[in-house]
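Everything below concerns the one structure shown next.
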Amino acid sequence: MANQAPVAWVTGGTGGIGTAICRSLADAGYLVVAGYHNPEKAKTWLASQQADGYNNIALSGVDLADHQACLQGAQQIIEEHGPISVLVNCAGITRDGTMKKMSYEQWHEVIDTNLNSVFNTCRSVIETMLEHGYGRIINISSINGRKGQFGQVNYAAAKAGMHGLTMSLAQETATKGITVNTVSPGYIATDMIMNIPEKVREAIRETIPVKRYGTPEEIGRLVTFLADKESGFITGANIDINGGQFMG
Ligand SMILES: NC(=O)c1ccc[n+]([C@@H]2O[C@H](COP(=O)([O-])OP(=O)(O)OC[C@H]3O[C@@H](n4cnc5c(N)ncnc54)[C@H](OP(=O)(O)O)[C@@H]3O)[C@@H](O)[C@H]2O)c1
């Protein structure tokens, strides 16, 4: 039987935060399509979700920096599973370095993967959302897009740019049943953070008012709340989820 559940496309779905978002949306009854970059890792990832009883998660491996590939990828998701109701832009990378040392490639790779990708996915789903008069777009930015960060001109620029897109698209779609919001996590206990030496992690933790790292599940809960059809009065917002580390 064809899928009857609303469809949520989560780019970077196989990552640390993405996994929790996929599971939270799946628990809420969505058919979740998780985006990935590394096909080998994605296969193992899907098997482990299924082993945990998540049979309403599928995969889509689209190069997000490639505009045509994104258009085709979205079309394929729609044909296979139905119209996309929820888009979560969670794919992201870092290529850190001070301005003095940053290469043009480091700049471009981050802008392509973290920001141009958001234009590509939004452009890919917006027509179908407008046609159906409904949609939820949630862009996963970062505390560092809010306050800047030493060694991250590329990452901070991409993440700040994301929210500019959010606010503009929110205005364009406000009367069309579509909401667009940004979520800006602080330090979340993913592999990326847990691989930092313990001493450095302790020092970072001390700078967080709640004195702990966030969990991927906390991001999943917030995204699922914003994705809900009852959350229609929240649009164009940036929601900080950072344990009080930055209050802008
Ligand atoms: N972790 C934190 O503390 C933190 C804090 C603030 C904001 N964030 C943001 O939250 C998001 C998720 O972070 P995370 O820690 O969960 O990262 P992660 O574990 O490294 O996951 C990144 C995800 O993005 C995918 N990806 C990378 N490059 C891609 C490309 N070119 N095309 C398609 N997919 C690509 C990866 O796919 P593969 O695994 O297949 O390569 C993976 O699914 C990112 O946008 C990050 O900037 C994270």
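So is residue 14 closer than 16 Å to residue 114 by Cα, near the ligand (Cβ under 8 Å from one of its atoms) and at pLDDT 95 or above or not? Taking the combined requirement at face value, the residue satisfies it. Among the residues of region 33-50, the one identified as over 20 Å from residue 5 (Cβ atoms), within 10 Å of the ligand (Cβ to nearest atom) and of a type in the set (A, V, I, L, M) is 42.
Figure legend. Inter-residue proximity from region 210-222: first residues more than 10 Å from the ligand (Cβ to nearest atom), second residues hydrophobic (A, V, I, L, M, F, W, C) and in a helix (DSSP H, G or I), beta-carbon distance below 6 Å, spacing 6+ or different chains. Indicated pairs: 217/20; 220/20; 220/21.
From 58, 34, grab the single residue that is buried (at least 16 other Cβ atoms within 10 Å of the Cβ) and closer than 18 Å to residue 122 by Cα.
34
The set of residues from region 38-68 being of a type in the set (Gly, Ala, Ser) and in contact (Cβ under 8 Å) with a residue 40 or more places away in the chain comprises 60, 65.
State yes or no: is residue 158 modelled with pLDDT of 95 or more and surrounded by fewer than 21 Cβ atoms within 10 Å (Cβ to Cβ)? It is false that residue 158 is modelled with pLDDT of 95 or more and surrounded by fewer than 21 Cβ atoms within 10 Å (Cβ to Cβ). In the set (1) out of contact with any Pro (no Cβ under 8 Å at 6 or more places or on another chain); (2) within 23 Å of residue 14 (Cα to Cα), residue 133 fails one condition alone, (2).
Within region 87-103, residues that are crowded, with 17+ Cβ neighbours inside 10 Å sit with their Cβ atoms under 6 Å from residues that are assigned to a loop (DSSP other than H, G, I, E, B), at 6+ positions apart or across chains, in these pairs: 90/12; 91/12; 91/64. The set of residues in region 189-248 that are over 21 Å from residue 93 (Cα atoms), outside any loop (DSSP other than H, G, I, E, B) and charged (D, E, K, R) comprises 198, 199, 202, 205, 206, 221, 229, 230. Confirm whether residue 22 is in contact with a Gly (Cβ under 7 Å, 6 or more places away or on another chain) and more than 9 Å from the ligand (Cβ to nearest atom). So residue 22 passes the test.
Taking (1) over 19 Å from residue 85 (Cβ atoms); (2) without any contact (Cβ under 8 Å) to a residue 24 or more places away in the chain; (3) under 19 Å from the mean Cα position of the chain (by Cα) in turn, residue 225 satisfies each apart from (1). Examine region 198-207 for a residue that is among the basic types (Lys, Arg), at pLDDT below 95 and in contact with a helix residue (DSSP H, G or I) (Cβ under 8 Å, 6 or more places away or on another chain), and state whether such a residue exists. Yes, that holds for at least one residue. When region 151-188 is limited to residues that are within 10 Å of the ligand (Cβ to nearest atom) and touching a Ser or Thr at 6+ places or on another chain (Cβ under 6 Å), the one that is farthest from residue 127 (Cα to Cα) turns out to be 155. Residue 170 falls short on exactly one of the conditions (1) surrounded by 13 or more Cβ atoms within 10 Å (Cβ to Cβ); (2) over 20 Å from the mean Cα position of the chain (by Cα), and that condition is (2).
Identify, by number, the condition in (1) within 25 Å of residue 31 (Cα to Cα); (2) among the small types (Gly, Ala, Ser); (3) without any contact (Cβ under 8 Å) to a residue 60 or more places away in the chain that residue 243 doesn't meet. Result: residue 243 fails condition (1) only.
The values are calculated or read from the model by the stated rules, or taken from the named source; none is laboratory data. Treat the numbers as computed from the prediction; the structure is a model and nothing was measured. Here Cβ is always computed from backbone atoms with ideal geometry, including for glycine, and neighbour counts include all displayed protein chains.
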